[in-house]
């Protein structure tokens with residue numbers, strides 16, 4: 001196996017472990033820590049896929065802003081410090097549903113090439129040209145969406161709501 | 001000249017219909033002066049005038065058929081069962097037999113109405129009485145004048161309804177209410193058969209004479225009658241139709257085995273008995289048979305059945321009259337018996353002769369009932385064994401009853417002799433070609449003796465002797481003039497009606513009706529031997545009655561006599577009523593209970609089952625809504641999986657199957 | 001040039017998506033549900049990226065561009081979700097999803 005493949009394997013395993021752990025631990029703050037590691041791991045995968053801009057973006061947005069946001073959320077809704085609020089336990093039906101979904105998605109594997117393939121790398125300039133050129137409208141839409149989200153969030157959390 | 005009046009025949013039912021409406025609606029306001037009664041009498045009188053004029057006109061110039069009709073339903077020609085269109089009509093037909101009946105109905109109707117003023121004087125509910133009687137007269141004259149089978153049936157039913165009302169006039173008496181119900185239900189059995197007969201005729205004539213039904217089931221085509229037998233067709237179908245018609249007539253005319261309601265119908269006022277259960281309504285059955293035999297046709301099998309039922313009933317009813325203590329019921333059985341004679345005559349093919357007896361019978365039977373009513377009005381009881389010696393205090397009534405009795409017994413020159421002898425001769429003339437008639441002829445002949453016996457037993461019990469048997473009986477006296485006049489008039493008719501036979505106009509009237517049946521009438525050449533024999537039997541019956549009951553004697557059958565069981569059998573009317581009650585209670589009621597069970601548990605059960613199923617289902621489904629978002633997400637995922645399944649598994653399979661096929 | 005197995009990435013993103021799905025279906029704490037949504041979204045974005053990387057031509061660029069937009073979108077959605085959490089907390093005093101059943105009949 002080449003170095004990239006090993007790296008991929010490690011990163012994949014880490015991603016899975018952190019994701020599952022984030023959902024299963026008792027302590028909510030621990031969840032945040034686990035999920036932060038998860039985001040960083042995804043970022044590394046992006047780097048592996050020759051998408052450095054994306055990797056940096058992931059680090060900045062997810063591992064940075066989203067994690068902090070989640071932490072704020074946890075802080076603001078806690079009744080007391082270090083309380084155990086996360087529910088544990090695994091119900092049968094959702095587990096079954098999830099597994100079945102997994103099977104369905106994965107059965108399409110048979111139609112894909114099994115061996116390793118090469119990956120291209122791109123100049124970030126090209127990426128920005130594409131992003132703001134062909135896919136520019138999407139970006140604009142995103143901006144509008146964000147504006148609406150900000151307004152809505154402020155409205156939702158304002159005082160005076162019962 | 002009088003035939004200009006024929007087109008106005010509809011006035012006869014119309015007058016009494018007006019009376020029905022007026023007295024029915026405003027009668028309570030007329031109660032104090034009893035105007036309601038007089039209004040009804042006036043309208044009945046107007047009807048009578050028109051009716052009698054039309055009758056006389058037809059008798060003077062017989063043989064014409066005048067049909068005035070109005071089409072009330074018309075379907076244009078269209079493909080289907082009636083390619084040339086279909087119409088229903090209502091109209092009046094004046095022809096020899098309807099003219100004869102019209103005289104009977106209107107005259108007796110008027111006289112009874114007049115008599116009622118006196119007889120019902122103290123009763124309650126009088127406006128109801130007069131309006132119901134008027135309605136009855138409307139229905140009866142409508143029936144007589146009907147020009148098509150459907151209209152006939154309509155009035156037939158209406159007559160039955162009026163009978164129900166009038167029998168149950170004293171509705172607070174349970175026996176009266178149940179008698180009315182019994183009358184209606186038993187005649188209903190007949191009516192259903194009649195209706196079936198109409199259906200079968202419809203079916204039969206749709207192949208043989210398609211125009212008949214399409215033109216409204218008419219009796220004539222304007223100038224001559226339809227003749228089912230002459231037109232041919234399937235004789236089995238025709239026979240069955242005839243049997244059905246016989247069934248209807250047997251119901252209405254109280255022939256065996258549907259005779260049970262008539263004696264009980266005596267629960268109604270005596271005037272009602274006189275009008276509808278002696279002279280008119282029960283005659284409708286005979287009229288139906290006559291009309292059918294002249295216009296639609298009976299097969300020889302039918303004729304045998306009719307003669308059989310008629311002859312048997314004549315004897316059968318007479319036996320029951322022999323022992324009965326109630327004066328009205330004796331007369332009622334007499335009616336059944338005499339109707340049997342008429343039915344027998346029509347069955348033998350001599351419809352006009354039968355109707356002639358109907359004509360005379362109406363008068364003397366009404367006379368008998370009204371005379372009995374006079375007695376009842378005076379002494380307050382109907383039990384013959386309590387009466388006695390009334391001839392001293394009620395001369396007119398005694399004479400009237402005697403006249404009626406002599407007419408009934410068939411003693412010349414009273415009316416009953418002419419008509420009853422004509423019947424006997426007519427049937428006798430057919431014995432050669434129809435030997436099966438013999439037993440019934442003999443039964444009818446024997447009934448002559450019994451008839452004379454029972455009616456004079458009644459007379460002697462009531463009128464002879466010196467004093468009443470029951471000392472507590474009220475002092476008797478004649479009724480008011482409104483009751484006496486009808487008695488006098490009817491007595492005259494009971495004597496004179498038979499003598500009409502000698503009128504040439506009347507002769508040809510009888511002939512013209514009879515000629516249609518294709519059998520030469522025997523009328524006019526009565527067999528003297530038969531006449532002599534029947535008169536002898538009649539006198540013998542009267543003599544026996546005098547022996548046993550005359551001069552105040554009471555003949556009591558010894559307790560140990562062998563005839564006692566027979567007497568009990570006769571008194572219990574051969575246990576017919578008990579038998580029918582048993583059939584109804586056990587048979588019909590069981591069926592009704594089974595049907596109720598089925599309806600309640602099976603049909604309702606199914607509906608309730610659906611109810612409960614839906615309630616259960618909705619209850620279960622409601623629990624899906626937990627309000628918990630995770631559950632809803634789970635449902636979404638489940639749906640997603642289903643989608644995957646369809647797309648990845650089912651669709652390629654289906655495509656492969658469709659593509660390959 | 002790096003050579004990587006496509007199927008491996010597919011398996012990875014599918015597995016991550018299923019983990020996120022499991023979290024959505026099971027967890028009672030609303031914030032955990034949000035985290036689970038994030039995991040699933042990341043898996044989806046990852047899909048875009050590697051499919052784009054393994055395709056020839058400008059596919060890679062398209063994939064990355066889409067991924068950029070999606071990352072922004074996902075972050076927005078977290079923010080709004082947290083606002084909802086806060087509102088819910090103020091309303092019910094709890095962030096237990098099972099107790100927010102006002103829409104039940």
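The values are calculated or read from the model by the stated rules, or taken from the named source; none is laboratory data. Predicted model only: the values in this text are computed from it and were never measured. Glycine also receives a Cβ, built like all others from the backbone with ideal geometry; neighbour counts cover every protein chain displayed.
Name the residue, out of B:568, B:573, that is modelled with pLDDT under 85, under 29 Å from residue B:405 (Cβ atoms) and surrounded by 12 or more Cβ atoms within 10 Å (Cβ to Cβ).
Values: B:568 fails: surrounded by 12 or more Cβ atoms within 10 Å (Cβ to Cβ).
The conditions single out B:573.
Let me spell it out: the conditions are (1) modelled with pLDDT of 80 or more; (2) crowded, with 24+ Cβ neighbours inside 10 Å, and residue B:21 meets all of them except one. Which number is the exception?
It fails just one condition, (2).
Would you pick out the residues in segment B:619-637 that are surrounded by fewer than 16 Cβ atoms within 10 Å (Cβ to Cβ) and within 11 Å of chain C (Cβ to nearest Cβ)?
B:621, B:622, B:623, B:624, B:625, B:626, B:627, B:632, B:635, B:636
Could you please give the count of residues in segment B:375-406 that are at pLDDT below 90 and within 25 Å of the chain's Cα centre (by Cα)?
1
Just give me the residues in segment A:101-124 being modelled with pLDDT of 70 or more, surrounded by fewer than 17 Cβ atoms within 10 Å (Cβ to Cβ) and more than 7 Å from chain C (Cβ to nearest Cβ), in sequence order.
A:103, A:107, A:121, A:123, A:124
Which ones in segment C:18-45 are more than 7 Å from every other protein chain (Cβ to nearest Cβ) and farther than 22 Å from residue A:77 by Cα?
Within segment C:18-45, C:20, C:40, C:41, C:43, C:44, C:45 meet the criteria.
Looking at segment C:40-67 only, could you name the residues that are farther than 14 Å from residue A:52 by Cα, free of Cβ contacts under 8 Å to residues at least 12 places away in the same chain and crowded, with 18+ Cβ neighbours inside 10 Å?
C:62 - this is the single residue of segment C:40-67 that is farther than 14 Å from residue A:52 by Cα, free of Cβ contacts under 8 Å to residues at least 12 places away in the same chain and crowded, with 18+ Cβ neighbours inside 10 Å.
All but one of (1) under 19 Å from residue B:637 (Cβ atoms); (2) without any contact (Cβ under 8 Å) to a residue 60 or more places away in the chain; (3) buried (at least 22 other Cβ atoms within 10 Å of the Cβ) hold for residue C:27; which doesn't?
(2)
When segment B:309-337 is examined, which residues are found to be under 19 Å from the mean Cα position of the chain (by Cα) and within 20 Å of residue B:430 (Cα to Cα)?
B:309, B:310, B:311, B:312, B:313, B:314
Return the pair list, or none, for Cβ contacts closer than 8 Å from residues in segment C:82-105 that are at the interface with another protein chain (Cβ under 7 Å from one of its Cβ atoms) and over 25 Å from residue A:150 (Cα atoms) to residues that are modelled with pLDDT of 80 or more and outside any loop (DSSP other than H, G, I, E, B), at least 6 apart or on different chains.
C:105/B:622
Please note which helices (runs of 4 or more DSSP H) are completely contained in segment B:136-239 and include at least 1 residues that are surrounded by 23 or more Cβ atoms within 10 Å (Cβ to Cβ) and at pLDDT 85 or above.
B:149-167, B:174-208
Name the single residue that is surrounded by the fewest Cβ atoms within 10 Å (Cβ to Cβ) among those in segment B:429-443 being touching a helix residue (DSSP H, G or I) at 6+ places or on another chain (Cβ under 6 Å) and in contact (Cβ under 8 Å) with a residue 24 or more places away in the chain.
Here the answer is B:436.
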